[in-house]
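Visitor: Once you've had a glance at the structure underneath, I'll fire off some questions.
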Amino acid sequence: MVRGSRAHAGAISKALLDILVCPVSKQPLRFCQETQSLISDAIGVSFPVVDEIPCLVPRDGKIIEDKEKMTSANGPGSAHHHR
Amino acid sequence: MAVSAARVIAGEWASGKHSRLFPSPAAAITAFSFAIAGLASFCTEADGVLSSRVKIFDRDLKRKHRDRAAWLMGGKNDFVDSVAENLLDRLEDCKKTFSTALCLGGSSEAIRRLIRGRGGIEKLIMMDMSLDMVKHLKNTEQNYVSNNLETLYMVGDEEFLPIKENSLELVVSCLGLHWTNDLPGAMIQCRLALKPDGLFLAAILGGETLKMACTIAQLEREGGISPRMSPLAQVRDAGNLLTRAGFALPGVDVDEYTVRYDSALELIEHLRTMGETNALLQRSNILKRDTALATAAVYESMFAAEDGKIPATFQVIYMTGWKEHPSQQKSKSRGSATISFEDIQNHFRSNEVS
């Protein structure tokens, strides 16, 4: 059973992460610890994760307008999302 | 005439049992007209991300409906439960076990509650367009604990399925897909997400649902039919949908459910709890108060049975389809026949003679 826990706020079950892809591009997603969101590098959009629930409706996606794109190799850089 | 009758009904609403639902007749009227017309003040912009397909349904409004339905959900819903039971029964017809299953929108709550270990499902992913609905499902999880079943939650749109290809054994949708703008597209994405020999099971409302509701009064008063009922699929379309989506061994069957309501208002309440009220983009935003009341009155006078109850028919179309797999039986390709019809004819003729 998946239980909510403050220590892992925003963490998504691995079983789910394994099969989730970007709704628009169908490319793999990347979980960003810092912003607690799922990033689709293919289209440069980040999707929020609320209470461990990934929200992958296209309308919820925010375009990453930052100049420094997040690198997947070394983990996330700083990203600023425009609301 | 209809208006005065409606005022009597409104009076009844205030004094009778409906007072627990609405504080005043005015509130009841407003709720009724909102339920029929949808949220009048809401309008959508063209979405730059989406392609330029024809949009019939306002998906954002549908999302708001489902948000509201999440809050209204609580009591049992017999009609929805029967549909869910029917769907889940089909899992017992197969020897297969389905370890990972995706449950799409609609009445996923009923599916989760009634699954009772059928189909050998180990991981159940609950997906809905509305975050409120998903949160509600997650928060009521402890009511239906099953040791063998891990439930995962996500928010997603059936028309943009965020699931990797070849990753699921089963996709179930109980009364969810009839609000998609691109039903073939949604079904194709479901098929892609399935592993070979995976199963697609869906129940949708068919074109005969609520045939008489609401359009009649509209026609009389405002002299024209405005689209109040969603353009639901016909049974004959369902088979085509399955084959167009590329499913093997397609199966379609239909059931009609007659649900009896104490009043037209309860019918509307029921539709709202299912998140089923009007989300057509073409809905006319101005529904006169008189028309709404007249509709209720007319519906009740026309269709009330002898015991005063209002019957409403829901036609449910069940669709099943399998993702292609070498083990499935297939018809042989053209030109590969080894026996001609003439041979068969001769065989039977010779049998007749002897």
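Visitor: Tally up the residues in segment B:131-145 that are outside any helix (DSSP H, G or I) and facing chain A (nearest Cβ under 9 Å), please.
Guide: Of all residues in segment B:131-145, those outside any helix (DSSP H, G or I) come to B:140, B:145.
From what's left, facing chain A (nearest Cβ under 9 Å): B:145.
Residues flagged as outside any helix (DSSP H, G or I) and facing chain A (nearest Cβ under 9 Å) within segment B:131-145 amount to 1.
Visitor: From (1) farther than 27 Å from B:Glu150 by Cα; (2) surrounded by 11 or more Cβ atoms within 10 Å (Cβ to Cβ); (3) modelled with pLDDT under 90; (4) not β-branched (Val, Ile, Thr), pick out the condition that doesn't hold for A:Ala11.
Guide: (1)
Visitor: Does segment A:11-43 hold any residues that are away from chain B (no Cβ under 12 Å) and part of a loop (DSSP other than H, G, I, E, B), and which are they?
Guide: Step one: filter segment A:11-43 for residues away from chain B (no Cβ under 12 Å), giving A:11, A:30-37, A:39, A:41-42.
Result: A:Ala11, A:Gln33, A:Glu34, A:Thr35, A:Gln36, A:Asp41, A:Ala42.
The values are calculated or read from the model by the stated rules, or taken from the named source; none is laboratory data. Bear in mind that the values here come from a model prediction, so they are computed numbers and not experimental data. Because the Cβ atoms are built from the backbone with ideal geometry, glycine has one as well, and the counts that use them run over all protein chains shown.
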